[in-house]
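Take a look at the structure below.
The values are calculated or read from the model by the stated rules, or taken from the named source; none is laboratory data. Quick caveat, the model's predicted, so the values are computed rather than measured. Cβ atoms come from the backbone with ideal geometry, glycine included; neighbour counts cover every protein chain shown.
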Amino acid sequence: MDMEKLRQQLIIDEGVKYSVYLDHLSLKSCGIGHYIRQDEPEFDLEVGTQITEDRCTELFEEDIKSVMKDCKKVFEDWDDMEEEVKQICANMMFNLGLPRFSKFRKTINNIINKNYTKAAEEMRDSRWYRQVTNRAERLAKRMEAIA
């Protein structure tokens, strides 16, 4: 999988902030859309505290490894899937996390069955789509374009 392409897409969708900030759900985050967990040193930092570019990269690399593992849990044939499908699914997994992505049963089943038009319809028929409409629409259009 083209990790640099995924990184560039996630930078567009998530942005890059070299400081601790609150995301749209008021959760502490930093770097490239990294949700700060309680066991991480950044958790006790105040909003606005700077982090290094190296730490941002380190957190992103950890997040991507986790996303790849989670995608392989959802899609048995992950390694054999089309590159563009993997890019879209990894982007969604990064944004949603495994527990929420797993609830997209119809989308997932349509992807498995290579019915990408229907998968895009199901992506649009979600609360996630209403929360991150611009990103979700870009991803849905990319999914439709594969069909």
Residue pairs meeting the criteria (Cβ under 7 Å; at least 6 apart or on separate chains; first within 14 Å of Ile88 (Cα to Cα), in the stretch 108-137; second modelled with pLDDT under 95 and surrounded by fewer than 13 Cβ atoms within 10 Å (Cβ to Cβ)):
Tyr116/Ala147; Thr117/Ala147
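Let's see how each residue does on (1) farther than 21 Å from Ser126 by Cα; (2) crowded, with 17+ Cβ neighbours inside 10 Å; (3) in contact with a strand residue (DSSP E or B) (Cβ under 9 Å, 6 or more places away or on another chain):
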{"site": "Ile11", "(1), (2), (3)": "yes, no, no"}
{"site": "Val16", "(1), (2), (3)": "yes, no, yes"}
{"site": "Tyr21", "(1), (2), (3)": "yes, no, yes"}
{"site": "Phe75", "(1), (2), (3)": "no, yes, no"}
{"site": "Gly97", "(1), (2), (3)": "no, no, yes"}
Considering Lys65, Lys141, Lys118, Lys86, which residue is over 23 Å from Ile12 (Cβ atoms), in a helix (DSSP H, G or I) and of a type outside the set (S, T, N, Q)?
Lys118
Some residue of the stretch 40-55 being in a helix (DSSP H, G or I), out of contact with any strand residue (DSSP E or B) (no Cβ under 6 Å at 6 or more places or on another chain) and touching a residue at least 40 places away in the same chain (Cβ under 8 Å)
no
Restricting to the stretch 63-72, count the residues that are free of Cβ contacts under 8 Å to residues at least 40 places away in the same chain and either surrounded by 13 or more Cβ atoms within 10 Å (Cβ to Cβ) or of a type in the set (Gly, Ala, Ser) (or both).
5
Restricting attention to the stretch 129-143, the residues that are closer than 15 Å to Gln87 by Cα and either touching an Asp or Glu at 6+ places or on another chain (Cβ under 9 Å) or modelled with pLDDT under 95 (or both) number exactly 6
Looking at the stretch 104-128 only, could you name the residues that are in contact with a Leu (Cβ under 9 Å, 6 or more places away or on another chain) and farther than 25 Å from Asp80 by Cβ?
Trp128
Quick check, is Thr107 among the hydroxyl-bearing types (Ser, Thr, Tyr), within 21 Å of Asp13 (Cα to Cα) and at pLDDT 95 or above?
yes
Answer yes or no: is there a residue in the stretch 8-31 that is of a type in the set (Ser, Thr, Tyr) and at pLDDT below 95.
yes
